[in-house]
Structure formats: structure tokens, C-alpha cells
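Structure record follows, encoded as C-alpha cells.
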């Protein structure tokens with residue numbers, strides 16, 4: 001009788017847990033209500049200044065999160081959504097940001113050295129004055145992004161969409177701009193010395 005009761009209770013608990021009726025500690029660390037794991041839901045959480053080195057945040061929903069001055073070195077951020085996030089001063093050195101969304105994010109002063117990037121979105125993101133030199137942003141979407149005075153020297157922007165972006169005073173010297181679209185972009189004072197402008201759109205007025 002006792003064995004049957006215990007079995008029944010065990011099955012009941014398992015059913016309740018499976019149904020998501022209450023949270024069970026899954027062994028992943030939690031910071032200010034944000035589980036540091038793949039597929040996490042951390043919208044509008046405050047993780048400013050936190051050490052998230054090598055954090056596994058694939059497919060994470062991070063819209064509106066505050067990651068200012070956080071350490072995201074070598075973090076796995078593939079397919080994550082950082083729309084409207086504050087990443088000012090954050091360190092993303094060697095982070096994986098393929099297919100990651102940074103739309104409307106504040107990335108001023110963020111370090112993106114040696115990031116792994118492909119199909120990354122920065123629509124209307126703020127990257128003013130950032131050092132983005134020698135980074136590969138293949139197939140990136142920088143539509144309406146704020147890139148004034150940014151250092152983009154030696155950067156690879158092959159197939160990138162920069163329509164409407166503000167590149168006023170940006171340094172694009174020696175950049176690879178193959179097939180990039182600059183339609184409607186602001187390029188006053190931009191430096192394009194040595195840049196590969198083959199098949200670009202919207203640079204005719206600048207390059208002559």
C-alpha cells in the first residue's frame with residue numbers, strides 16, 4: 001500500500017513538473033532572475049557589470065536587458081534577440097553572434113574584437129565612435145544604424161545592408177565593401193581610402 005502511494009505521488013509530481021506548474025532548480029546559475037542557459041527568457045533584466053564569460057545564451061530572448069559593462073567574452077549568443085538592449089561598454093571579445101539581433105541596441109563603447117558574425121542584425125543600433133576595425137560582418141544588416149565616427153578600417157562588410165545608416169566621419173579605409181548597399185546612407189567626411197567598393201550600391205557620389 002505504501003509503495004503504491006509513493007509511486008502515485010512520484011508520478012503526480014512528475015506530471016506537475018512536466019506541465020510547468022512550478023519551477024525546479026535545473027542546475028543553471030541565475031542572476032537577478034535571469035537563468036544563464038540556452039533559450040533563456042531574460043527580457044528587461046539587469047545584468048549590468050556581470051561576468052558572463054563563455055555564457056551559453058543561444059536563442060536567448062534578451063530584449064531590453066541591461067548588460068552595460070558586462071563581460072561577455074567568448075559568450076555563445078547565436079540566434080539571441082537583444083532588441084533595445086543596453087550593451088554600452090560591454091566586452092564581447094570573441095563572442096559568437098551569428099544570426100543575433102541587436103536592433104535598437106545601445107552598443108556604444110562595446111568591444112567586439114574577433115567576434116564570429118554572420119547575418120547579424122544591427123538595425124537602428126547605436127555604435128557611434130566604436131572601434132570595429134578588422135571585424136568580419138558578412139551579410140550584416142546595419143539599416144539605419146548609427147555609425148558616425150566609427151573605426152571601420154579593414155572591416156569586411158561583404159553583402160552588408162547599410163541603407164540609411166549614419167556613417168558621418170567614419171573610417172572605412174581598406175574595408176571590403178563588396179556588394180554592400182549604402183542607399184540613403186550618410187557618408188559626409190567618411191574615409192574610403194583603399195576600400196574595395198566593387199558592386200556596391202549608393203557610393204557613386206562619394207567615390208566619384
For this session: State whether the residues of region 158-166 include one that is out of contact with any helix residue (DSSP H, G or I) (no Cβ under 9 Å at 6 or more places or on another chain), within 14 Å of residue 133 (Cα to Cα), surrounded by fewer than 24 Cβ atoms within 10 Å (Cβ to Cβ) and at pLDDT 95 or above.
Result: no
Problem set entry | Complete set of residues in region 130-150 that are crowded, with 19+ Cβ neighbours inside 10 Å and assigned to a strand (DSSP E or B) | 141, 146
Exercise. Of the residues that make up region 34-43, is at least one free of Cβ contacts under 8 Å to residues at least 12 places away in the same chain and more than 15 Å from the chain's Cα centre (by Cα)?
Worked result: yes
Seminar exercise, completed: Residues of region 105-129 being closer than 14 Å to residue 95 by Cβ and either modelled with pLDDT under 95 or assigned to a strand (DSSP E or B) (or both), in sequence order, are 111, 116, 118
Exercise. Any idea how many residues of region 182-199 are over 26 Å from the mean Cα position of the chain (by Cα) and under 10 Å from residue 170 (Cα atoms)?
Worked result: 2
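Of 193, 176, which residue is surrounded by fewer than 17 Cβ atoms within 10 Å (Cβ to Cβ), more than 28 Å from residue 86 (Cα to Cα) and at pLDDT 95 or above? Before the answer, list the steps.
On the way: 176 fails: surrounded by fewer than 17 Cβ atoms within 10 Å (Cβ to Cβ).
Only one candidate qualifies: 193.
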For this session: Read through the list (1) surrounded by 19 or more Cβ atoms within 10 Å (Cβ to Cβ); (2) within 30 Å of residue 183 (Cα to Cα), then give the number of the only condition that residue 75 fails.
Result: (2)
Problem set entry | Of the criteria (1) surrounded by fewer than 24 Cβ atoms within 10 Å (Cβ to Cβ); (2) within 19 Å of the chain's Cα centre (by Cα), which one residue 125 fails | (1)
For this session: Quickly run through region 44-54 and pick out the residues that are over 17 Å from residue 92 (Cβ atoms) and under 15 Å from the mean Cα position of the chain (by Cα).
Result: none
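The values are calculated or read from the model by the stated rules, or taken from the named source; none is laboratory data. Predicted model, so just to flag it, every value in this text is computed and none were measured. So basically every Cβ, Gly included, is an ideal-geometry build from the backbone, and we count neighbours across all protein chains shown.
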